[in-house]
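Below is one structure; the comments refer to it alone.
The values are calculated or read from the model by the stated rules, or taken from the named source; none is laboratory data. Owing to the predicted nature of the structure, the values given are computational and were not obtained by experimental measurement. Note: ideal-geometry Cβ built from the backbone for every residue, glycine included; neighbour counts use all protein chains shown.
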Amino acid sequence: MTRVVNAGNTTELGKLGILGCIMVDLDFLSGHLYLNDGFIECVYNAHTFQPLGQFGGIQAVEETLDTIARPIVLTLSGVDPTLVGTVENEVYQNRAVIVYVALINQQTGALVDIPEIAWEGRMDYMAISIDQNKGSVQLNCEHRLRREPRIARYTDPDQQQAFAGDTFFNYIPAISNFKSQWGNEKGAYGGPGGKFGNTSTRPNPYPYGPSGNPYR
């Protein structure tokens, strides 16, 4: 596990054998649901995270070099079919989800230190299936930044959002229609939006002729 914040967890990770679990806080409208994928109860922040053991699962949290915020899928299997209706009637969409990684003391069964937040987002939608008198629920969750990458463009509106008052990209729209000839004293901006209108007179770079030397 990378980017561990708490010192106790860092020390524990240096041991030859460790015990840990994944903890999930689901903010349903009817109340928070605290679960973990281990086999013992975990108490954190005055809340008891109930163990699911092999009945709970979580998709691996991906880390990539691009700026796309990856979704995750939480799975609960072995659900009594009579409880499926209760799940369907829950109000959950766009409500918070927090996924923790916790390390557990092997002697006491208590948390070694404050759990590390591995992922935060929002509940999106559920997929429910029933097979052989057993139900399965998949809860798809999106990152709070959503799945679309943040795209910045070389335009004045984008520049103003990042650096208000900066005029660096003010005349970008005029560049595509700019016409010039090497050595010509006149340059033309075809189309509206140019700094000098449609045409402009620019200083001659060779006031003494192409081969003139003003310092001679």
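Key figures
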read-out	value
Among the candidates VAL84, VAL73, VAL101, residue that is in a helix (DSSP H, G or I) and either modelled with pLDDT of 85 or more or not aromatic (Phe, Trp, Tyr) (or both)	VAL84
Number of the condition not met by GLU12 [criteria: (1) surrounded by 10 or more Cβ atoms within 10 Å (Cβ to Cβ); (2) free of Cβ contacts under 8 Å to residues at least 60 places away in the same chain]	(2)
Answer residue from region 15-62, given it is touching a Ser or Thr at 6+ places or on another chain (Cβ under 9 Å) and not in a loop (DSSP other than H, G, I, E, B) and is surrounded by the most Cβ atoms within 10 Å (Cβ to Cβ) among those	CYS42
Only one of PRO207, PRO203, PRO157 that is loosely packed, with under 10 Cβ neighbours inside 10 Å, modelled with pLDDT of 65 or more, not aromatic (Phe, Trp, Tyr) and not in a strand (DSSP E or B)	PRO157
